[in-house]
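Q: Handing you a structure now.
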Amino acid sequence: MQKRHSPNFVFAISEDPTRDRKELLLLSCIPGQLAFVETEDERFILQRHDPLERREFVRFVIGSKDEDSHVEQGIFQVAALALEWHTITGSDADDLNKLRTWFSANLEKPTSFGRNKLRLGICWFNTEATEHISRIWAIARILEKNGIHVKKIRKDKPGYVLYEDEWQLVAEPFRKGTFSRR
């Protein structure tokens, strides 16, 4: 929370009467912008972004379209298929598996990929996810070495946001001819 410039003492909202409406050490952070939420089942951070702040997102894809989402296949999907079909073998396969293992340990699995089967969300990296993106480039180098061309797409408005965490978001692409409601 401190790397997001939260103050040390904050106003608490709690069902616990000993904490409710009291100033406590770092529970609710920047009023209207940043909050730490703890329920009986989970803990998470809520962060509201300034609508005037331009944020950019990147996605790594190949030219083939995905049958379900109808957009270019993402790099994780392609890497998994290349390993499954033995398109990539040997030390390249070992390196690709190590990178996939790192992502499994260091990137949350999104909780939502779409409102229904006809409207699937697409994953994008926040450009501030520099460590993740550097490892994506390592995956891209392995794929390209094995004849699979990867390209990077940048957007500031990737679509209707369905899920977001510190490093990534899932967005349902805007339909052609429609505009974002931001």
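Q: Regarding the range 170-182, can at least one residue be identified that is out of contact with any Ser or Thr (no Cβ under 9 Å at 6 or more places or on another chain), crowded, with 16+ Cβ neighbours inside 10 Å, over 21 Å from LEU96 (Cβ atoms) and at pLDDT below 95?
A: Narrowing the range 170-182 to residues out of contact with any Ser or Thr (no Cβ under 9 Å at 6 or more places or on another chain): 171-172, 175-182.
With crowded, with 16+ Cβ neighbours inside 10 Å added as a condition, the list becomes 171-172.
Those left that are additionally over 21 Å from LEU96 (Cβ atoms): 171-172.
Cutting the leftovers down to at pLDDT below 95 gives us 171-172.
Scanning the range 170-182, I find at least one residue that is out of contact with any Ser or Thr (no Cβ under 9 Å at 6 or more places or on another chain), crowded, with 16+ Cβ neighbours inside 10 Å, over 21 Å from LEU96 (Cβ atoms) and at pLDDT below 95, so the answer is yes.
Q: Tell me yes or no: at least one residue of the range 126-139 is surrounded by 15 or more Cβ atoms within 10 Å (Cβ to Cβ), over 18 Å from ASP66 (Cβ atoms) and among the polar types (S, T, N, Q).
A: Within the range 126-139, one or more residues are surrounded by 15 or more Cβ atoms within 10 Å (Cβ to Cβ), over 18 Å from ASP66 (Cβ atoms) and among the polar types (S, T, N, Q).
Q: Considering only the range 54-133, give the strands (runs of 3 or more DSSP E) lying wholly within it that have at least 1 residues that are modelled with pLDDT under 90 and closer than 21 Å to TRP167 by Cβ.
A: It comes to 114-116.
Q: Kindly indicate the residue of the range 102-125 that is aromatic (Phe, Trp, Tyr) and under 16 Å from PHE57 (Cα atoms) and also surrounded by the most Cβ atoms within 10 Å (Cβ to Cβ) among those meeting that condition.
A: Of the range 102-125, the ones aromatic (Phe, Trp, Tyr) are 102-103, 113, 124-125.
Checking the rest, the ones that are also under 16 Å from PHE57 (Cα atoms) come to 124-125.
Working: TRP124: 24, PHE125: 20.
So the residue we want is TRP124.
Q: Tell me yes or no: at least one residue of the range 152-163 is crowded, with 16+ Cβ neighbours inside 10 Å, modelled with pLDDT of 95 or more and part of a loop (DSSP other than H, G, I, E, B).
A: No, the range 152-163 contains no residue that is crowded, with 16+ Cβ neighbours inside 10 Å, modelled with pLDDT of 95 or more and part of a loop (DSSP other than H, G, I, E, B).
The values are calculated or read from the model by the stated rules, or taken from the named source; none is laboratory data. Not measured: the values here are computed from a predicted model. Note that each Cβ is placed from the backbone with ideal geometry, even for glycine, and that neighbours are counted across all protein chains shown.
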